[in-house]
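Worksheet: one structure, shown below.
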Amino acid sequence: MDDLIQKAAADLAQAKMVSALTGAGASIESGIPPFRGKGGLWEKYDPMEVAHIDSFIQDPVKVWNLLIKDMKDIVDQAQPNDCHKGLARLEELGKLQTIITQNIDGLHQMAGNTDVIEFHGTFAWQRCMECNTHIETRRVDISEIPPHCQCGGILRPNAVFFGELIPQEALWRSRQVATDSDVMLVIGTSAVVQPAALMPVVAKESGATVIEINPESTVLTNDISDYLIKGPAGDTINRIMADLDALL
Ligand code: OAD
């Protein structure tokens, strides 16, 4: 494990273009539950029932009550953890250029990263299904469910539901970033949701070193990742940063 931490620090020190792909595991230490595995949201709910666009259109009250209301409470209060802070420092050091995140919690930006591709959109804003007005989630009055826009339309998170396309710009830029990377850190994602999970594959095919940080192995571990550092995101990033500081 210590060897891999040192190796990651050395790989980062040498790289010219570093990117990160993050998933729910990066935000677990901020109190946001993951989707899969122990304590995951999809243990409690069927994603096709609460996170598919067809379910939302059919019954927005149910989806708001089961999922979005709780998520609003959790995300409103969440603060960046050591993983987010470490990645922000990595950018400050001129080492990390871009984060591609599947998370919708805005914690990378809150920590200070300036180039964050929100692959699955953002929970920071709600948008009106009628007139497309965007309203900051923390300003949305949820005393009535579903909340409405002034025009009378129903508000929905400005995030991607299952059954919807990835925002074109996010997809296009992510592919470019993956292609250009010398090192891609893949942090806290089960890598089972496409097309996000394809980004490390694109990076690898383009010659990047793919470093996974996750307490568990994933579908990428054997075939795509150069190595897996088994551990929680915050502690692992802290240890890599300490070794990197000694090298720079
Ligand atoms: P998942 O919930 O599928 O996976 C979370 C990953 O985090 C797992 O691989 C865990 O082993 C790992 N993990 C657990 N604790 C960790 C820790 N302390 N530090 C680091 N990693 C840890 O989350 P995602 O891969 O992000 O999409 O899920 C991808 C997409 O599926 C989400 O964006 C969402 C979901 O359905 C949509 O809703 C469209």
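Rule-based calculations on the coordinates, nothing more; no lab input. Remember, predicted model here, so these are calculated numbers, not experimental data. For neighbour counting, all protein chains shown are included, and Cβ atoms are generated from backbone atoms with ideal geometry for every residue, glycine included.
Below 14 angstrom from the Cβ of Asp46, what's the summed charge of the other residues (Lys, Arg +1; Asp, Glu -1)?
-1
Dipole magnitude for region 11-125: about 200 debye, using +1 per Lys or Arg Cβ and -1 per Asp or Glu Cβ, origin at the Cα centre.
What net charge is computed for the residues neighbouring Gly23, neighbours being all others with C-beta under 14 Å from the C-beta of Gly23, Lys and Arg scored +1, Asp and Glu -1?
Net charge around Gly23: -4.
Among the GluC sites (Glu not before Pro) within region 179-236, those in coil by DSSP and having at most 14 neighbouring Cβ atoms inside 10 Å are Glu216. Just so you know, the Cα atoms of region 41-136 work out to an Rg and Dmax of 15.7, 48 Å. Find out how many positive minus negative residues lie around Val219, taking Lys and Arg as positive, Asp and Glu as negative, among other residues whose Cβ is under 14 Å from that of Val219. The answer is -1.
The stretch between Ser206 and Thr179, if pulled fully straight at 0.36 nm per residue, gains 9.2 nm over its current Cα-Cα span. As a length-normalised measure over Cα pairs under 8 Å and 6 or more apart, the relative contact order of region 1-142 settles at 23 percent. Restricting region 194-248 to trypsin sites (Lys or Arg not before Pro) that sit in a DSSP loop and have at most 16 other Cβ atoms within 10 Å of their own Cβ leaves Lys230. In this simple spin-label model, placing a label point 7 Å from the Cα along the Cα-to-Cβ direction at both Val192 and His148 gives a separation of 4.0 nm.
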